[in-house]
Amino acid sequence: MEDMNDELAERLRKMNERAAPPLTWEEFKVRTPCRGCGQPWLDGEEWRSGGTAHFTDEQRERYEAEKKRFAQQHGRCGNERHSMSGSLTIHCRRCCPPPPLSPQQVEEIRRVFAEARRSRNG
């Protein structure tokens with residue numbers, strides 16, 4: 001079990017070592033590119049699909065081009081990928097920090113924690 005924890009700790013250390021610093025909400029709002037890969041978080045072209053089985057020819061072409069770009073840029077990272085709803089651009093979980101939470105999301109998290117604290121304290 002200890003070897004497993006050591007291995008996990010080492011993997012996390014390496015992951016954090018390579019990850020770029022996250023954007024602030026203000027930087028995100030003015031569409032500052034991801035510090036990890038230089039790609040936009042919101043690519044400016046609406047992306048809606050019902051899944052790969054339902055792609056139009058145009059959607060499939062855009063999707064395949066983005067997969068190819070991602071593989072060229074992050075093919076050796078050996079990690080997962082993530083993106084934002086409404087945007088096709090793919091980001092690497094190893095190299096690209098997640099986008100920031102909005103002020104509304106931060107406030108909702110604070111509210112949930114405060115409510116949990118109040119209910120626990122009676």
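Taking region 23-52 as the range and being closer than 21 Å to residue 95 by Cβ and of a type in the set (Gly, Ala, Ser) as the test, the residues that pass are 36, 38. Residues in region 85-114 that are in a loop (DSSP other than H, G, I, E, B), surrounded by fewer than 16 Cβ atoms within 10 Å (Cβ to Cβ) and either of a type in the set (A, V, I, L, M, F, W, C) or touching a helix residue (DSSP H, G or I) at 6+ places or on another chain (Cβ under 6 Å) (or both): 101 alone. Listed by first and then second residue, the pairs with beta-carbon distance under 9 Å, at least 6 apart or on different chains, first residue in region 53-76 and within 13 Å of residue 91 (Cα to Cα), second assigned to a loop (DSSP other than H, G, I, E, B) and among the β-branched types (Val, Ile, Thr), are 66/89; 66/90; 67/90; 69/89; 69/90; 70/89; 70/90; 74/90.
Do you know which residues across region 69-84 are assigned to a helix (DSSP H, G or I) and exposed (fewer than 11 other Cβ atoms within 10 Å of the Cβ)?
First, pick out the residues of region 69-84 that are assigned to a helix (DSSP H, G or I): 69-74.
Result: 72, single match.
For region 7-24, state whether one or more residues are touching a Gly at 6+ places or on another chain (Cβ under 8 Å), among the hydrophobic types (A, V, I, L, M, F, W, C), in a loop (DSSP other than H, G, I, E, B) and surrounded by fewer than 15 Cβ atoms within 10 Å (Cβ to Cβ). Checked against the condition, which is being touching a Gly at 6+ places or on another chain (Cβ under 8 Å), among the hydrophobic types (A, V, I, L, M, F, W, C), in a loop (DSSP other than H, G, I, E, B) and surrounded by fewer than 15 Cβ atoms within 10 Å (Cβ to Cβ), region 7-24 yields at least one hit.
Since every read-out is calculated from the coordinates, none of them should be taken as a lab result. Note that the coordinates shown come from a computational prediction; the quantities given were computed from them, not determined experimentally. Virtual Cβ from ideal backbone geometry, glycine too; neighbours counted across all protein chains shown.
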